[in-house]
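Worksheet: one structure, shown below.
The values are calculated or read from the model by the stated rules, or taken from the named source; none is laboratory data. Remember, it's a predicted structure, so these values are computed and weren't measured experimentally. All Cβ positions, glycine included, derive from the backbone under ideal geometry; neighbour counts span all protein chains shown. Only protein heavy atoms, including side chains, enter the accessible area calculation; ligands, DNA and RNA are left aside. Shrake-Rupley method; radii C 1.70, N 1.55, O 1.52, S 1.80 Å.
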Amino acid sequence: MWWSVLLMGLAGLLVGGALSFRQQRKPLWTQVSFYVLAGMALLAAYLLTLPAA
């Protein structure tokens, strides 16, 4: 439970970093990589909420 909350917080920080890089006109690959990492963190948080089989 707590891991999913922490991963969602991490995803929020990563999206904020991507938006900050966008504002600073950094290369596109840095923004995309932060968005991909944020998506992976959200996916991991979702998978942790599923009941164990």
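Surface composition of the chain: carbon and sulfur make up 75 percent of the accessible area, probe 1.4 Å. Note: relative contact order over the chain, using C-alpha pairs below 8 Å and six or more positions apart, is 51 percent. Here the Karplus relation 6.51 cos²θ - 1.76 cosθ + 1.60, evaluated at θ = phi - 60°, turns the backbone of the stretch 26-37 into coupling constants of 6, x, 5, 5, 5, 5, 5, 5, 5, 5, 5, 5 Hz, with x for every Gly and Pro.
When the surface is traced with a 1.4 Å probe over the full set of protein chains, residue 30 keeps roughly 20 Å² accessible.
Take the eigenvalues of the Cα gyration tensor for the chain, scale each by 5, and report the square roots as semi-axes in whole Å, largest first.
Semi-axis lengths for the chain are 27, 10, 4 Å.
Treating r as the C-beta distance of residue 26 and residue 47 and R0 as 22 Å, the FRET efficiency rounds to 0.15.
Against the chain, whose longest principal axis comes from its Cα atoms, helix 2-23 is set at around 10 degrees.
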